[in-house]
Amino acid sequence: MAAIFVYITHKNGEADDTAFELASAAKAIDAAAAPSAIVLGSSADVEQVASQVAPYYSEVITASHDALQYPNAEVQRKVLASLLPAKALLLLNHDSFSMDLAPGLSIVLDAAFASDVVAFEGIQDDTLQLARQEHGGAVSSRSTCSLENGAIISVRAGSFKAPEAGAQGAVVDKSADLGDLSSKRQFVEVIAAEVGDVDITKSEILVAVGRGIEEEDNLDLVHELATAMGADVACSRPVVDAKWLEKSRQVGTSGQTVSPKVYLALGISGSFQHIGGIKGSPFIVAVNKNKNAPIFQAADVGIVADILDFIPVLTEKINASK
Ligand SMILES: Cc1cc2nc3c(=O)[nH]c(=O)nc-3n(C[C@H](O)[C@H](O)[C@H](O)COP(=O)(O)OP(=O)(O)OC[C@H]3O[C@@H](n4cnc5c(N)ncnc54)[C@H](O)[C@@H]3O)c2cc1C
């Protein structure tokens, strides 16, 4: 079995939830695996993040350099190509950055590539069986991935539960061996997301609405429910694109990252770009009229219903119980 490595996603010195989830994903591939983590970034961030993930990995390989301070797939790809041994299996979080980084890395290493994987279902003759999501999560499929030359696999956030912390893995610094990290891409600036009248990143309960709400006027139902629940209103991107709610309420990879205690998703399909903005394992309740909607895979409770019927009834019940 190939050695398994995990590329650690982190921001502002904090390891992403997926940094821990992917340790479980490695064990789902091979229960006997002793996966290694790879942490790239500025020296201050790398040191802090390495200590956070070390209890989950047998070894943490770190590399710090000014050129690694901001996400630049061209630079990160060069470093990974030099750090990974032949025929390695690399797991990374399926997000916008890995979609930039991973396909090119698989070409450089002549390794297989699979994206948006939600489950591993065994290995037969050096071939990994896996379940994937396609077309933005609308279709689930079973695929195989050859491990003969190694593989680069991106895994959907939330597909695996983080394991219990174990013994502290050794931290091995490779910053001295990075070679030429010049890049055609240049970092310009970080543009912070706007904060509107409500900062949904601080909300404990979020009522999030998607395209399933159908019309702007129907948002009144959502606001009434949120008031009854003492929640704030969030949304998926199409609701912002339609200018029904402000951008500061958008959850997802190009919106806000939220970590409420409860997340009520109403008429949201559950694309990885949306789910990628929900962190900290909130209790997710999803209501959708399509029983096959991908959001149900991430939800703790799934309700198949028309939200236009469901929301007023729930609001009435909550108000009546007060
Ligand atoms: C680079 C990039 C970045 C992106 N960033 C984000 C992001 O940050 N956040 C984000 O949300 N998306 C983002 N997207 C868009 C994302 O891919 C999806 O298109 C989007 O999340 C879908 O939103 P939705 O679930 O509301 O709509 P849809 O996918 O259209 O789903 C609507 C759902 O509502 C259900 N429904 C319809 N009517 C009803 C009803 N009456 N009752 C109950 N259920 C009903 C349907 O069954 C369906 O599941 C991004 C896309 C790209 C390419």
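Bear in mind these aren't lab numbers, they're just calculated from the coordinates by the rules spelled out. Everything quoted here is computed from the prediction, not taken from an experiment. So basically every Cβ, Gly included, is an ideal-geometry build from the backbone, and we count neighbours across all protein chains shown.
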Compute the distance in nm between two label points, each set 7 Å from the Cα along the Cα-to-Cβ direction, one at SER281 and one at ILE303.
2.4
Across bins of 5 angstrom width beginning at 0, how are the C-alpha pair distances of segment 1-108 distributed, in whole percent?
2, 13, 26, 26, 22, 9, 2, 0
For the chain, alpha-carbon Rg over 2.2 N^0.38 Å:
1.05
Which of ALA34, ALA63, VAL118 sits farthest toward the positive end of the charge dipole of segment 31-131, with +1 on the Cβ of Lys and Arg and -1 on the Cβ of Asp and Glu?
ALA63
If a paramagnetic tag sat 7 Å from the Cα of ALA86 along the Cα-Cβ line, which residues of segment 148-178 would have the backbone N under 17 Å from that point?
148-151
For segment 171-322, state the average projected area of the convex hull of the C-alpha atoms over all orientations, rounded to one decimal in nm².
12.8
For segment 91-178, state which GluC sites (Glu not before Pro) are in a DSSP loop and have at most 16 other beta carbons lying within 10 Å of their beta carbon.
GLU148, GLU164
By how many nm would the segment from ALA167 to ASP100 lengthen if fully extended, with 0.36 nm per residue of separation less the alpha-carbon distance?
20.8 nm
Number of Lys pairs in segment 200-321 closer than 23 Å at Cα, excluding neighbours under 8 places apart unless interchain, is 9
Just flag the trypsin sites (Lys or Arg not before Pro) in segment 134-213 sitting in loop per DSSP whose Cβ has no more than 14 other Cβ atoms within 10 Å.
LYS161, LYS184, ARG185
Gain on full stretching of the segment that runs from ASP197 to SER321 - 0.36 nm per residue minus C-alpha separation
41.7 nm
Per-residue ellipticity at 222 nm attributable to helices in the chain (runs of n ≥ 4 DSSP H, -39500 (n - 2.57) apiece, nearest 500 deg cm²/dmol) works out to -8000 deg cm²/dmol
Project the alpha carbons of segment 27-74 onto their principal axes and report the range along each, largest first, in whole Å.
36, 23, 11
Can you list the aspartates and glutamates whose alpha carbon sits under 14 Å from that of LYS87, skipping same-chain ones fewer than 8 residues off?
ASP110, ASP126, GLU148
